[in-house]
Amino acid sequence: MVKVAPSLLSCDFLNLGNEIKRLEEANIDYIHFDVMDGDFVPNISFAFPIIDQIRKVTNLTIDTHLMVSNPERYIQKFADAGSDIITVHVEATKHIHRAIQQIKDLEIKSGITLNPGTPIEQIIPVLHMVDLVLVMTVNPGFGGQLFINECLDKIKFLKEYRTTHNLDFEIEVDGGVNEVTSKLCVDAGADVLVAGSYFFKHEDYHTPVKQLRGE
């Protein structure tokens, strides 16, 4: 069954504790936490103090996506705050092997991601190191963007590469995911679906979970 990872970027932050409770009741799999620094992407979001507060009230998997320049500076802090998975961009550092190894040394799961315009070949050298590969299907930085269909080829490639090389990383998709594009992603090979504005527009969170899982 495909995993569902709502992006907290779109939730009601005035009622964050209640939002977490509702997500638990809807049987989601991961909480997706988008971190933006205003440099790597043209927007700014929350940081490790928020994760620290979330960790105190839930046992859900916290899936942290670092959209920041030189992520090595922050990996330790996000791990200490309670992240279970930390994903870094191949475009954000000159030393991607070092960044991934830094995550692994903290004994949490490591992820690699790339922007829609970045060739999939750029992450091949580290695919054997990671637990998760995040395929961005919009340009990162803002919610509510339209799904870029050409990114489906990356998902298909990763699924085939994983099988051919006997690897076990999860394939996660983020950007423009809804009840229509989710099926395209799953058919292409996605294991985890991140949804933000689409997910949180629903009054009952069970609804988007069922729709994304195709139930």
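Every condition in (1) part of a helix (DSSP H, G or I); (2) free of Cβ contacts under 8 Å to residues at least 40 places away in the same chain; (3) touching a helix residue (DSSP H, G or I) at 6+ places or on another chain (Cβ under 7 Å); (4) not basic (Lys, Arg) holds for TYR161 except the one numbered (3).
Does region 2-37 hold any residues that are part of a strand (DSSP E or B) and among the hydroxyl-bearing types (Ser, Thr, Tyr), and which are they? Give the steps one after another, and end with the answer.
Of region 2-37, the ones part of a strand (DSSP E or B) are 3-7, 30-37.
Hits for region 2-37 are SER7, TYR30.
Looking across region 38-89, just one residue is within 18 Å of SER10 (Cβ to Cβ), modelled with pLDDT of 90 or more, among the hydrophobic types (A, V, I, L, M, F, W, C) and assigned to a loop (DSSP other than H, G, I, E, B), and that is LEU60. Quick check on region 1-21: of everything there that is closer than 25 Å to GLU170 by Cα and out of contact with any helix residue (DSSP H, G or I) (no Cβ under 8 Å at 6 or more places or on another chain), which residue is modelled with the lowest pLDDT? My answer is LEU9. Out of ILE123, ILE155, one residue alone is out of contact with any Pro (no Cβ under 8 Å at 6 or more places or on another chain), closer than 25 Å to ARG213 by Cβ and β-branched (Val, Ile, Thr). It is ILE155. The one condition from (1) surrounded by 21 or more Cβ atoms within 10 Å (Cβ to Cβ); (2) in a helix (DSSP H, G or I); (3) touching a residue at least 24 places away in the same chain (Cβ under 8 Å) that VAL186 does not meet is (1). With (1) modelled with pLDDT of 95 or more; (2) polar (S, T, N, Q); (3) within 18 Å of ALA92 (Cβ to Cβ) as the list, and ASN139 as the residue in question, which single condition is left unmet? Going through the list (1) modelled with pLDDT of 95 or more; (2) polar (S, T, N, Q); (3) within 18 Å of ALA92 (Cβ to Cβ), ASN139 breaks only (1). Filtering region 55-83 to residues that are touching a residue at least 40 places away in the same chain (Cβ under 8 Å) and of a type in the set (A, V, I, L, M) leaves VAL57, LEU60, MET67.
Can you confirm whether ILE103 is in a helix (DSSP H, G or I) and either within 16 Å of the chain's Cα centre (by Cα) or touching a residue at least 40 places away in the same chain (Cβ under 8 Å) (or both)?
Working: in a helix (DSSP H, G or I): yes; either within 16 Å of the chain's Cα centre (by Cα) or touching a residue at least 40 places away in the same chain (Cβ under 8 Å) (or both): yes.
Yes; evaluated as a whole, the condition is true for this residue.
Of the residues making up region 1-58, those that are of a type in the set (D, E, K, R) and more than 15 Å from the chain's Cα centre (by Cα) are ASP12, GLU19, LYS21, ARG22, GLU24, GLU25, ASP37, ASP39, ASP52, ARG55, LYS56.
The values are calculated or read from the model by the stated rules, or taken from the named source; none is laboratory data. If you're wondering where the values come from, they're calculated on a predicted model, not measured in any experiment. For neighbour counting, all protein chains shown are included, and Cβ atoms are generated from backbone atoms with ideal geometry for every residue, glycine included.
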